[in-house]
Amino acid sequence: MHFAIAFAFASSIFPQTASADDLPPSLDASVSHGLEFLSGQQNLDGSFGTTQKPAMTGLALMSFLASGHAPDLGKYGGVVAGAVDFLVQQAQPDGSFGHNEKPMYGQGIATLALAEAYGVETAEPQRKHIAAVLAKAVALILTAQDVKKQDVYAGGWRYEPAAADSDLSLSGWNALALRACQDAGIPVPKAAVERAVKFVMKCHVADAKAFSYQPGGAAQVGPTGVGVLCLHLLDDGNRREAVEAAQFLRAHPTDDQSQFPYYGMYYATQAASRSGDAVWAAVSKVTFEKLLKSQTPQDGGWPDTPEGAGGGRTYTTSLALLTLSIPYRLLPIYQR
């Protein structure tokens, strides 16, 4: 789908997002150049990255889907189809995507990406295959959520499926995966979503009116973006804490001193897009200016940072593209 057409379609559904006139004129060209770079990072087996491949492939896959590319259609149809095939082939009988470092990151991101791809897959045999993979992936996410933990960590997720604690970053990806699967028609118990919301609120920092990485921690931009976005997408976005935390994001833009800038920009800007015109205008302006300025003009990718933990420029470029493509509103998980 052409970017301008995609944006016009999305704007008719989501008028709270900025109009085309409010966006940087170079946005479409930047996204196009970034996708060109990212396509060149795909491995022969359809994966992306050198480590944590399910997570990196999921992020890259969503970058193409977010700009209107579908399996086997158009310029990047083969790239999308290859990434989907890789994730499907990596799916294990227990619902995991193979053993990786911090496996619940890969679990949440790969499940989310496949659920998004499911909505644009037209080949019925592949749709059935993806649905079967998603059902098992959801079962594993639910099993990990059900691990007995102290009350302060109950309802969330951590690096390992059997971990005794939880954090908001892992919980965000897995909660979004559950919601995306629910939207795709995969059965997800309502109680699981409610428990995820309760854990998100355990990370709320009352005096800062924001969210922390784990219960009892300090308020941070990235976790606050996760908290606000999760509350909106889990149908609890009107509560006072979400509204107040959106103002925290407006007052604390992600900068070069942030510990995880790409992650922070992605979540803060996604959250801002749900939080009204004033928050969106403030957060997106700073974020888009930073990303457009830092894009490498020679090849279209974004620089590697220690944040990627082995994901390299595939990680930074994918998160940058997922942030810049927010106005297109083409990923189903964000269409509400």
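The values are calculated or read from the model by the stated rules, or taken from the named source; none is laboratory data. Since this is a predicted model, take the numbers as computed values, not measurements. Ideal geometry is used to build each Cβ from the backbone, glycine not excepted, and the neighbour counts take in all protein chains shown.
Values as computed for the structure displayed
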| quantity | calculated |
| --- | --- |
| Test: residue in segment 246-258 that is farther than 21 Å from Ala66 by Cα and among the basic types (Lys, Arg) | yes |
| Out of Thr51, Thr57, sole residue that is under 23 Å from Leu140 (Cα atoms), modelled with pLDDT of 95 or more and polar (S, T, N, Q) | Thr57 |
| Among (1) in contact (Cβ under 8 Å) with a residue 60 or more places away in the chain; (2) out of contact with any Cys (no Cβ under 7 Å at 6 or more places or on another chain), the one test that Ala115 misses | (2) |
| Residue selected from segment 29-58 under the condition among the hydrophobic types (A, V, I, L, M, F, W, C) and under 20 Å from Lys75 (Cβ atoms), by the criterion surrounded by the most Cβ atoms within 10 Å (Cβ to Cβ) | Phe48 |
| Per-region count, segment 298-330, residues at pLDDT 90 or above and either more than 18 Å from Leu176 (Cα to Cα) or part of a loop (DSSP other than H, G, I, E, B) (or both) | 21 |
| Selected residue [at pLDDT 95 or above and either surrounded by fewer than 23 Cβ atoms within 10 Å (Cβ to Cβ) or more than 19 Å from the chain's Cα centre (by Cα) (or both)] from Phe260, Phe248 | Phe248 |
| Checking Tyr315 against (1) of a type outside the set (Val, Ile, Thr); (2) in contact with a Leu (Cβ under 7 Å, 6 or more places away or on another chain); (3) surrounded by fewer than 24 Cβ atoms within 10 Å (Cβ to Cβ); (4) over 21 Å from Gly227 (Cα atoms), the condition it does not meet | (3) |
| Residue within segment 287-297 that is at pLDDT 95 or above, of a type outside the set (Val, Ile, Thr) and not in a helix (DSSP H, G or I) present | yes |
| Within segment 124-238, helices (runs of 4 or more DSSP H) holding 2 or more residues that are over 20 Å from Phe97 (Cα atoms) and not acidic (Asp, Glu) | 190-202, 221-233 |
